[in-house]
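To start, the structure under review is shown below, and the notes come after it.
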Amino acid sequence: MQNSAKWMELQPGLQKYVHRWMPPREPSVNVCIVHGLGEHGGRYHSLAHDLVEAGFGVTAFDQQGHGRSPEHRGRVRSYTSLLDEIAAFLEWNRRSFSEIPTVLFGHSMGGNLVINYGLRDYRQPHRIIASSPMIEQTRPPSRMFVRLARVILWLAPNLTLRSNPVAERLMSDPVEQKMLREDELFHSQISLRLGAGLLDSGAWILQNANRLKTKLLLTHGTSDYMTSPDASAEFAKRAGPLCELVILENQLHDPFRDMERAAVIARYVEFIRDSLKDESTV
């Protein structure tokens with residue numbers, strides 16, 4: 001597997017730190033990863049390894065306020081700017097892999113973003129995978145907290161809150177848990193602007209699920225303590241036949257980092273390979 005990580009210009013004026021994993025031969029599919037809250041593109045090395053073994057090329061980038069991006073941790077310019085940067089990331093990838101299908105993968109916050117991307121008027125990838133998407137929290141904040149936060153949002157949109165993610169509650173693999181605890185780029189901060197954007201876009205997803213125009217694989221573990229599998233099931237119900245829902249019994253928030261990840265990743269691979277059977281490119 002060939003692995004590289006460096007700053008790239010996705011479009012004029014847009015520099016991003018990009019991670020790329022490639023098979024020894026020409027890839028059959030171009031997989032583009034959108035990471036979750038607090039993460040960075042390099043956190044997907046293990047998943048990329050499995051996807052590369054299947055013959056796919058894999059690319060990820062560090063989003064605003066994450067990884068090696070220069071913004072303060074957890075801060076973004078706007079929610080819409082995150083979607084616009086995904087669009088630029090996909091177009092940049094297509095220029096290198098114009099003859100093969102492009103599949104967009106997003107986890108947690110990234111799952112929220114890729115579903116939103118699939119419902120909006122962007123040029124679409126061939127297929128989308130959303131893992132444990134942040135549509136709703138498993139334990140939503142109280143209405144009083146949300147009201148107070150929205151008042152403060154007007155005064156200090158970049159005010160940052162901290163969470164306390166517990167590795168053992170995210171994934172069952174001790175090796176992955178250790179990697180998370182030792183990851184110097186991982187953080188647990190979220191600005192009010194980003195938090196409000198995720199909250200509002202999650203509600204928008206449910207209200208506009210019937211706008212889905214791209215085949216979507218949605219996976220969610222029933223033991224996810226961060227994002228709601230019930231909200232994912234409700235979205236899939238509203239989205240209709242283009243959305244395939246896979247509920248993972250007793251799985252945690254990061255199922256592709258669990259001890260039982262082989263079956264989950266095999267389903268990803270099958271879904272990605274099926275993009276080669278699609279009649280036309282997007």
Hits in the stretch 221-244 - residues which are part of a strand (DSSP E or B) and buried (at least 17 other Cβ atoms within 10 Å of the Cβ): 221, 227, 243
Quick one: which of 235, 256 is under 20 Å from residue 120 (Cβ atoms), aromatic (Phe, Trp, Tyr) and either free of Cβ contacts under 8 Å to residues at least 40 places away in the same chain or touching a strand residue (DSSP E or B) at 6+ places or on another chain (Cβ under 9 Å) (or both)? 235
Condition set assigned to a strand (DSSP E or B) and of a type in the set (S, T, N, Q), scope the stretch 186-196, selection surrounded by the most Cβ atoms within 10 Å (Cβ to Cβ): answer is 191
Kindly provide the set of residues from the stretch 80-118 that are under 21 Å from residue 254 (Cβ atoms) and open to solvent by 10 Å² or more (accessible area, probe 1.4 Å), ordered by number. 108
Hey, does the stretch 88-101 have a residue that's hydroxyl-bearing (Ser, Thr, Tyr) and either at pLDDT 95 or above or part of a strand (DSSP E or B) (or both)? no
Whichever residue in the stretch 19-39 is more than 15 Å from residue 104 (Cα to Cα) and of a type in the set (A, V, I, L, M) and, among such residues, is most open to solvent (accessible area, probe 1.4 Å): 37
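Could you tell me whether residue 73 is open to solvent by 20 Å² or more (accessible area, probe 1.4 Å) and in a loop (DSSP other than H, G, I, E, B)?
Working: open to solvent by 20 Å² or more (accessible area, probe 1.4 Å): yes; in a loop (DSSP other than H, G, I, E, B): yes.
Here the answer is yes, as residue 73 does meet what is asked.
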Of the residues in the stretch 171-182, how many are touching a helix residue (DSSP H, G or I) at 6+ places or on another chain (Cβ under 7 Å) and open to solvent by less than 80 Å² (accessible area, probe 1.4 Å)? 5
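Could you tell me which residue of the stretch 205-215 is surrounded by the most Cβ atoms within 10 Å (Cβ to Cβ), considering only residues that are in a helix (DSSP H, G or I) and in contact with a helix residue (DSSP H, G or I) (Cβ under 7 Å, 6 or more places away or on another chain)?
Top of the filtered list is 205.
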Hey, among 218, 199, which residue is on the phi < 0 side of the Ramachandran plot, under 17 Å from the mean Cα position of the chain (by Cα), open to solvent by less than 40 Å² (accessible area, probe 1.4 Å) and aliphatic (A, V, I, L, M)? 218
Note down all Cβ pairs under 6 Å where the first residue falls in the stretch 72-87 and is among the acidic types (Asp, Glu), the second is open to solvent by 10 Å² or more (accessible area, probe 1.4 Å) and outside any loop (DSSP other than H, G, I, E, B), and they're at least six residues apart or on different chains. none
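Residue under question is residue 124, and the condition is that it be within 29 Å of residue 222 (Cβ to Cβ) and open to solvent by 10 Å² or more (accessible area, probe 1.4 Å); does it hold?
no
The values are calculated or read from the model by the stated rules, or taken from the named source; none is laboratory data. Note that the structure is predicted; figures quoted are calculated from it, not measured. Cβ atoms come from the backbone with ideal geometry, glycine included; neighbour counts cover every protein chain shown. Keep in mind that these areas ignore ligands, DNA and RNA; they rest on the heavy atoms of the full protein, side chains included. Shrake-Rupley method; radii C 1.70, N 1.55, O 1.52, S 1.80 Å.
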